Amino acid sequence: MRTFLSLKTCLLSALLLCANSISASKIISVSDFGLKPDSRINAVPFIQKAIDACKQHPGSTLVFPKGRYDFWAQHAIEKDYYETNTYDVNPKILAVLLSRSMI
């Protein structure tokens with residue numbers, strides 16, 4: 001009986017350990033990179049750093065604390081890309097570039 005209980009405990013521990021590692025996706029907050037909501041500062045460089053951190057941890061979740069975030073056009077990324085049903089003036093200005101390889 002004692003062997004059965006220790007085997008059962010061992011299996012349960014292994015199952016919980018595996019379940020914990022599978023569901024433990026990393027949560028990354030933009031505030032971890034110094035960006036505070038409602039600060040009225042340019043959010044682009046902070047968010048780009050947070051996105052780079054998400055690339056380092058596939059399956060992670062990027063969190064924005066509640067508030068206002070400002071994206072200044074003069075610091076945005078310029079890139080040629082094409083959209084359907086829009087005009088084809090390039091380069092277009094993007095606040096933050098999310099490529100297909102990131103999604």
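The values are calculated or read from the model by the stated rules, or taken from the named source; none is laboratory data. It should be emphasised that the depicted structure is a prediction, and the values quoted were computed from it without experimental measurement. No Cβ is skipped: glycine too gets one built from the backbone with ideal geometry, and neighbour counts run over all protein chains shown.
Assorted remarks:
- Pairs are defined by a Cβ separation below 8 Å, a sequence spacing of at least 6 or placement on different chains, a first member in the range 68-86 that is more than 14 Å from I41 (Cβ to Cβ) and among the acidic types (D, E), and a second member that is at pLDDT below 75 and in a strand (DSSP E or B); the pairs so defined are E78/K92; E78/I93; E78/L94; D80/K92.
- Restricting attention to the range 35-85, the residues that are at pLDDT below 85, more than 16 Å from L98 (Cβ to Cβ) and among the small types (G, A, S) add up to 1.
- In the range 25-54, the residues that are outside any helix (DSSP H, G or I) and either within 18 Å of W72 (Cα to Cα) or free of Cβ contacts under 8 Å to residues at least 12 places away in the same chain (or both): G34, L35, K36, P37, D38, S39, R40, I41, N42, A43
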